[in-house]
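Trainee: Okay, here's the structure, questions in a sec.
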Amino acid sequence: ETLPTLGAGWCPPGMIGLGIGGTAEKAMLLAKQALLEPIDMTALQARGPASPEEEMRLELYEKINALGIGAQGLGGLTTVVDVKIRTFPTHAASKPVGLIPQCAANRHIHFTLDGSGPAVLEPPDLKDWPDIVIERTAGAARRVNLDTVTREDIAAWKPGDTLLLSGHLLTGRDAAHARMVRMIEAGESLPVDLRNRFIYYVGPVDAVGGEAVGPAGPTTSTRMDRFTETMLAKTGLIGMIGKAERGEAAIEAIARHGAVYLIAIGGAAFLVSKAIRSARVLAFADLGMEAIYEFAVEDMPVTVAVDANGSSIHQTGPAEWRRRIAARRAAAPA
């Protein structure tokens, strides 16, 4: 019941940590500690449960994946790769339960500092991953020039479409949106022309060395929902890019104004930054990383999440995969 209410902001597929018992604070600490354990669900499935906790891990693993939430909340077979549980004595009338989801991008490493010098951690060997040939995947993507795209163009996009964005892209997240809306309500002119533009919900990290910009991953878009109607109605903005689903009010505003909402890959901030060729601050420099930037991007990968008619893949995708999973289980031999 709880997992579907979390949305996709936690960037599944990942792990779920559960803490049961103690006080409310203790339960949350247990859930956090549980997530530090190695992933071993495949081994547990092979050998079978040896305790009530392991039985619960297997049960929850199956039931959560049956929800069809999938990677980035777009629908799929795998929502969690493991479920971890830690328990602690508690009064039967209390029994608090803490739940913490863990992002797919999270990584663990264990090391010991012995005082002999600075830690030197070897990066993963890229040979451990399969080769990705862009020519094999780019054919299914639609290339979009952000400098010339029109409302007529975006009206043809459908939820689930993969786009490769090139051109100039504005940025802005919580603080910038709040300030722009206040300026609009006060009748003031905005420092940036948003007509026929796309805005990316991001607060980029400062560049290091020869980088155009530091890690620049999308932030959770629902925090911008309260600004969406004003931004679309008053500025001429035609598209937004962020992470995870949008709320009903935002989806209604998107459909009402014929705009679109795209998602970048949550938890892949460094990889997203590799598509950014240059970055400059256009407005609100006092907000630091929350200032309005203009990025020049090349083949930045995104997915259409809400189309100009208000159809959301975060609703249709999981629903379709729940149907497929249920049909597969019904057809499986007893």
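Read the figures in this text as sums done on the coordinates, not as results from a lab. This structure is a prediction, so every number in the text was calculated from the model and none was measured. Reconstructed Cβ throughout: ideal geometry from the backbone, glycine too, with neighbour counts over all protein chains shown.
Trainee: Express in nm, to one decimal, how much length is gained between Lys32 and Asp128 on full extension, taking 0.36 nm for each residue of separation and deducting their alpha carbon distance. Mind showing how you got there, number by number?
Mentor: Numbers: separation 96, 0.36 × 96 = 34.56 nm, distance 2.85 nm.
Extending this stretch completely gives an extra 31.7 nm.
Trainee: Next up: Given the rule -39500 (n - 2.57) for each run of at least 4 DSSP H residues, summed and divided by the residues of the chain, what is its mean residue ellipticity at 222 nm, to the nearest 500 deg cm²/dmol?
Mentor: Value at 222 nm, helices only: -8500 deg cm²/dmol.
Trainee: Right, next: Top mean-square fluctuation among Ala92, Ala250, Ala34, Gaussian network model of the chain, C-alpha springs under 10 Å?
Mentor: Among Ala92, Ala250, Ala34, the largest mean-square fluctuation in the Gaussian network model of the chain belongs to Ala92.
Trainee: OK, next. If you work out percent of Cα pairs over 36 Å apart from the coordinates, which of (i) 34; (ii) 30; (iii) 25 do you get?
Mentor: Computed from these coordinates, percent of Cα pairs over 36 Å apart corresponds to label (ii).
Trainee: Among Pro12, Ala71, Thr90, which residue has its Cα furthest toward the positive end of the charge dipole of region 3-102, with +1 on Lys/Arg Cβ and -1 on Asp/Glu Cβ?
Mentor: The listed residue farthest towards the positive side: Thr90.
Trainee: Let me ask something else about it. With label points built 7 Å along Cα→Cβ from the Cα atoms of Ile109 and Thr316, find their separation and express it in nm.
Mentor: With each label point 7 Å from Cα toward Cβ, the separation is 4.2 nm.
Trainee: Mind giving me the nanometre distance, one decimal, between the label points for Lys158 and Leu58, set 7 Å out from Cα along Cα→Cβ?
Mentor: 4.1 nm
Trainee: Follow-up. So how do 169-175, 260-266, 320-326, 232-238 stack up, highest first, on mean other-Cβ count within 10 Å?
Mentor: 260-266, 169-175, 232-238, 320-326
Trainee: Using DSSP, restrict attention to beta bridges with both residues in the chain and report what percent are antiparallel, rounded to the nearest 5.
Mentor: 50 percent
Trainee: Assigning unit charges at the beta carbon (Lys, Arg +1; Asp, Glu -1) and nothing else, what dipole magnitude in debye, to the nearest 20, does the chain show about its Cα centre?
Mentor: About 640 debye.
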